[in-house]
Each structure stands twice: as C-alpha cells, then as structure tokens.
Amino acid sequence: MLGPLLFLIFINDRGILNWLLKFTDDTKVFGVVNNSGDGQRLRQDLSRLFKWSHDWQMLFNIEKCKVLHIGSNNQHFRYYMDGRELKKCTEEKDLGVIFTNDMKSSHQCLEAYNRASRILGMIKRTISYKNRDIMLYLYKTLVRPHLEFCTPVWSPHYRKDRILLEKV
C-alpha cells in the first residue's frame, strides 16, 4: 500500500511552477504564457522535469512530446527537452477527447459521428431479427456511448455539430 504514496511523494518533489497533470504514463505541463518571462518559466519547468526523469530513470519519450499552442494571440514560443525542440501540433487526442488549438469541438463531433455511424451500420448489416426492443438495446449499449463520451468536456455548442450528432 505504500507504493502509490511513495510514488506521489517522489513525483511531487520537483519545484514545478506551472500546472502539472499526471495520469498513468502521461504527463502534461501547461500554463498561461503572455510574455517571454512566462515562456521562460515554462522552459525551466520542462528542464526540471527532464532532469527529474533522468535522475529517477523514468525518461520521457521526447519523440512523443508535443506542444499545443492555444489561442489566437499565442506567440508560439519554442520549447525544448534535452536540447531537442518539441514538435508543434494543432490538435491532440487525450483520453479519447480531441483538443484543438482553437478549442472548438467540431473535430470531436465528427469523430463521434463517424464511430457511432460505423457501429450503427454494423448493427444494421449483422442483425437479421430487427425487433424494436433488441434494436433499442443495441443502440443504447453500442452506439449512444460514442455520442455521449465525455460530453461535459467537448459538449457541442455549434448548431451544425448538434445536427450532425442527431443524424445518428
């Protein structure tokens, strides 16, 4: 029982100034960067994290590390780990939710629509006895979870996205 507690004690001993989120093997560092000082502070946090990971032999896969600049007034600073520049991306999938640099949910809605439509098509092709109760049960258990997955995070607020999801 001490394993998780000791891990949290060791992992929290690094002096990071910006926000730090960890979930299983994922680590996210983020903060508001309004000027070069804020950007430098984020760079220092990345250096501290890399040094910590090197000291404890829990290295980051730098090839998988990415930077997502959010907002239209973002200055797009460059960030580095171990002397290598981190790749910039315009969207990133995290725990099944697609985050874009403009924070719009259209990509997530399209992805949910495509997944739900594929499963609905599979149900139509493979189920020969189309009893109303059976079809409703299959829809609720196989299709609807794809349409409702993490909706508090990406809830569609554009009419076109709601219409797309309601087509299913």
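Report every pair of residues separated by at least 6 positions or lying on different chains whose Cβ atoms are under 8 Å apart, first residue within region 28-56 and surrounded by 15 or more Cβ atoms within 10 Å (Cβ to Cβ), second small (Gly, Ala, Ser) and not in a loop (DSSP other than H, G, I, E, B).
Sorted first by the residue in region 28-56, then by its partner, the pairs are VAL33/GLY39.
In region 110-150, which residues are within 24 Å of LEU95 (Cα to Cα) and not in a helix (DSSP H, G or I)? Let's see the steps before the verdict.
Applying the first criterion (within 24 Å of LEU95 (Cα to Cα)) to region 110-150 yields 110-120, 139-150.
Passing the criteria: PHE149, CYS150.
Sort out which residues of region 49-80 are within 18 Å of LYS22 (Cα to Cα) and part of a strand (DSSP E or B), and write them in order of number.
LYS66, VAL67, LEU68
Go through (1) loosely packed, with under 14 Cβ neighbours inside 10 Å; (2) in the same structural domain as SER53 (by TED's automatic domain parsing) and name the single condition TYR79 misses.
It is condition (1) that TYR79 fails.
Checking HIS69 against (1) loosely packed, with under 12 Cβ neighbours inside 10 Å; (2) of a type outside the set (Asp, Glu); (3) at pLDDT 90 or above, only one condition comes out false. Which one?
Evaluating HIS69 over (1) loosely packed, with under 12 Cβ neighbours inside 10 Å; (2) of a type outside the set (Asp, Glu); (3) at pLDDT 90 or above leaves (1) as the failure.
Looking at region 20-48, which of the residues that are among the β-branched types (Val, Ile, Thr) and assigned to a strand (DSSP E or B) is farthest from MET103 (Cα to Cα)? Steps first, answer last, please.
Quick first cut of region 20-48, residues among the β-branched types (Val, Ile, Thr) only: 24, 27, 29, 32-33.
Checking which are assigned to a strand (DSSP E or B) leaves us with 27, 29.
Values: THR27: 20, VAL29: 17 Å.
The qualifying residue farthest from MET103 (Cα to Cα) is THR27.
When the residues of region 79-111 are narrowed to those that are in contact with a Gly (Cβ under 9 Å, 6 or more places away or on another chain) and under 30 Å from LYS51 (Cβ atoms), which ends up modelled with the highest pLDDT?
TYR79
For region 151-159, check the following and say yes or no: at least one residue is assigned to a helix (DSSP H, G or I), touching a residue at least 12 places away in the same chain (Cβ under 8 Å) and closer than 27 Å to ASP25 by Cβ.
Start the filter on region 151-159 by keeping residues that are assigned to a helix (DSSP H, G or I), which leaves 151-154, 159.
Next cut, touching a residue at least 12 places away in the same chain (Cβ under 8 Å) only: 153-154.
Next, only the ones that are closer than 27 Å to ASP25 by Cβ stay: 153-154.
Among the residues of region 151-159, at least one is assigned to a helix (DSSP H, G or I), touching a residue at least 12 places away in the same chain (Cβ under 8 Å) and closer than 27 Å to ASP25 by Cβ, which makes the answer yes.
Name the pairs: first residue in region 73-85 and over 20 Å from MET58 (Cα atoms), second residue of a type in the set (Asp, Glu), Cβ to Cβ under 7 Å, at least 6 apart or on different chains?
Qualifying pairs under 7 Å: ARG78/GLU85.
For region 81-98, how many residues meet the condition of being in a loop (DSSP other than H, G, I, E, B), of a type outside the set (S, T, N, Q) and over 19 Å from LEU21 (Cα atoms)?
Matching residues across region 81-98 total 2.
The values are calculated or read from the model by the stated rules, or taken from the named source; none is laboratory data. Keep in mind it's a predicted model, so treat the numbers as computed, not measured. Note that each Cβ is placed from the backbone with ideal geometry, even for glycine, and that neighbours are counted across all protein chains shown.
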